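The values are calculated or read from the model by the stated rules, or taken from the named source; none is laboratory data. Note that the structure is a prediction, hence the values are computed from the model and not measured. Cβ atoms come from the backbone with ideal geometry, glycine included; neighbour counts cover every protein chain shown.
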Amino acid sequence: MALYMPYIHWDTVSAFKQRNDFVMRCLDKKPSSIPGTLPQSTKRLYQAIKNDINGPNSMHPRRSLDQYFYPSLTDTSSRDNDQVVSKRTKDSPGGPTMVMVDQLWLWLISLNDGSKSVILTCFPQKEVEEGHATTGIENDTDLYHAILSEMQSHYHSTALQYPYGVGPHRVGIYMVSIIIEHAINKMLGYRGESLDFLSIFQGAIRQAAEDTTNHFREFRDALRKKESEPSDLADKRKEVKLALEVLDIMDELNSVKRLLETQLETLAHAVGAIEAFAIPAGDSLLSQLHVRQQDLERYRTQISRMIEDADRTWKSLMNLLDLQQKEESLNKVRSSNELARLARKQADETEAQSQILLLFTIVTIVFLPLSFFTSYFGMNVVEFTGESGNTNQKEVWKVTGPASSGIIAILLIIAWMLYNNAKKRRATRSGGTSR
């Protein structure tokens with residue numbers, strides 16, 4: 001029986017970035033020296049990557065969650081640096097952590113008579129980081145040590161030495177079940193502070209839902225204000241940023257869900273192979289595989305519920321942004337109506353002033369000739385008074401005629417100049433608008 005299955009593990013952001021940069025330099029055939037301060041085990045890993053990265057049997061380096069879900073992307077660094085887990089564990093003592101997807105290879109080789117059984121398996125191990133001592137978290141989540149520790153504990157227990165019966169083939173079946181169990185449950189069942197991935201995602205969703213509720217309250221309070229400024233309702237940057245964060249949460253949860261579905265498909269193929277080829281002691285392994293399938297279904301149900309919760313939060317944010325946009329449009333309509341009302345009011349006032357000016361014009365037209373004749377015939381000239389000591393009309397017109405003509409000419413010239421300047425300004429504005 002052969003089994004190839006991806007499973008979830010973890011790494012620190014700093015270690016992943018250092019290793020991923022090294023891998024990218026090797027792929028691009030750029031100068032890539034191994035840091036001299038790395039532990040010897042990590043140096044050997046880097047040297048193996050450097051030797052085999054472009055060879056026919058190239059290694060399978062550890063992948064981030066986005067590298068697993070988006071294998072066609074040549075560079076996922078921007079997405080890797082923005083994982084939900086990384087952002088929520090940035091204050092952890094060992095630095096921010098991130099979700100990784102490792103690969104399990106397992107072969108169970110048994111003779112037909114069941115006299116011998118051989119297991120070949122390999123999977124990556126989280127390397128020791130530069131300047132970092134091995135912590136309790138690393139020991140607790142190390143897949144190799146977990147498998148070895150459980151097998152040793154059962155081996156030293158006479159009651160559990162052969163839990164599926166006596167015989168090497170049954171011991172092999174038992175070892176296979178332990179390896180698969182830890183690959184599936186080691187990280188998703190871990191409840192440490194900085195590596196409880198499911199709780200971290202749940203916390204991120206709850207925080208996003210709370211922030212969404214707060215944004216709705218702020219929007220409601222802005223609407224209740226009698227004089228709410230449009231900028232209070234139009235500033236949607238915080239809501240947009242939160243919506244992007246929720247989309248990231250859903251995207252990563254969908255990646256985890258896809259991995260769980262791949263694991264379920266792998267186990268289903270293994271069950272089919274065991275039933276088809278009648279592997280010795282296969283009934284014991286079948287029962288264990290069914291238990292692991294139930295574990296995966298439980299995890300998938302939990303992930304699906306979190307995706308639904310995140311989707312509801314995202315839809316609420318979209319509704320909030322839509323309400324804000326509609327309120328902004330209503331504010332613009334109100335402003336336009338207010339401007340139109342003021343324009344109508346100004347037009348009414350202008351019309352009233354025009355009517356007043358018309359009345360004054362009519363009065364002026366009526367009384368101007370009377371004023372002229374009254375003034376004219378009231379002059380003390382000899383023609384009107386008959387007194388020889390007064391001046392005559394000829395002398396009066398010699399003075400008033402040229403003076404009146406000059407004043408009228410000057411005023412007409414000024415009016416003509418003002419008219420021409422106004423005409424040029426209108427022409428200039430019209431030309432600029434048309435362009």
What are the pairs, 6+ residues apart or on separate chains, where a residue within the stretch 322-348 that is surrounded by fewer than 12 Cβ atoms within 10 Å (Cβ to Cβ) has its Cβ under 8 Å from a residue that is modelled with pLDDT of 85 or more? none
What about LEU253, is it more than 21 Å from VAL101 (Cβ to Cβ) and in the same structural domain as LYS87 (by TED's automatic domain parsing)? no
Give me the pairs: first residue in the stretch 368-381 and assigned by TED's automatic domain parsing to the domain that holds GLU395, second residue among the hydroxyl-bearing types (Ser, Thr, Tyr), beta-carbon distance under 7 Å, and six or more apart or on different chains, which are they? VAL381/THR391
Just give me the residues in the stretch 1-46 being farther than 30 Å from ARG191 by Cβ and of a type in the set (Phe, Trp, Tyr), in sequence order. PHE22, TYR46
Hey, among LEU321, LEU330, LEU339, LEU285, which residue is in a helix (DSSP H, G or I) and under 19 Å from TYR174 (Cβ atoms)? LEU285
Among the residues of the stretch 172-218, how many are surrounded by 15 or more Cβ atoms within 10 Å (Cβ to Cβ), part of a helix (DSSP H, G or I), of a type in the set (Gly, Ala, Ser) and in contact with a helix residue (DSSP H, G or I) (Cβ under 8 Å, 6 or more places away or on another chain)? 5
Cβ pairs under 6 Å, 6+ apart or interchain, first in the stretch 384-407 and closer than 18 Å to PHE373 by Cα, second surrounded by 10 or more Cβ atoms within 10 Å (Cβ to Cβ), ordered by first then second residue, are ASN392/VAL381; ASN392/VAL382; GLN393/VAL381; GLN393/GLU383
Output the qualifying pairs, or none if there are none: Cβ atoms under 7 angstrom, residues six or more apart or on different chains, first residue in the stretch 30-42 and without any contact (Cβ under 8 Å) to a residue 40 or more places away in the chain and surrounded by 10 or more Cβ atoms within 10 Å (Cβ to Cβ), second residue charged (D, E, K, R) and part of a loop (DSSP other than H, G, I, E, B). none
Cβ-Cβ below 9 Å, separation at least six or inter-chain, first residue in the stretch 64-80 and at negative phi and free of Cβ contacts under 8 Å to residues at least 12 places away in the same chain, second of a type in the set (Val, Ile, Thr) and surrounded by 18 or more Cβ atoms within 10 Å (Cβ to Cβ): which pairs? TYR70/THR76
A careful count of residues in the stretch 219-237 that are more than 13 Å from LEU321 (Cβ to Cβ) and either at pLDDT below 55 or exposed (fewer than 14 other Cβ atoms within 10 Å of the Cβ) (or both) gives 12
Do you know which of the residues in the stretch 157-171 that are out of contact with any Lys or Arg (no Cβ under 9 Å at 6 or more places or on another chain) and crowded, with 18+ Cβ neighbours inside 10 Å is modelled with the highest pLDDT? VAL171
Taking the condition without any contact (Cβ under 8 Å) to a residue 40 or more places away in the chain, small (Gly, Ala, Ser) and part of a helix (DSSP H, G or I), does SER316 pass? no
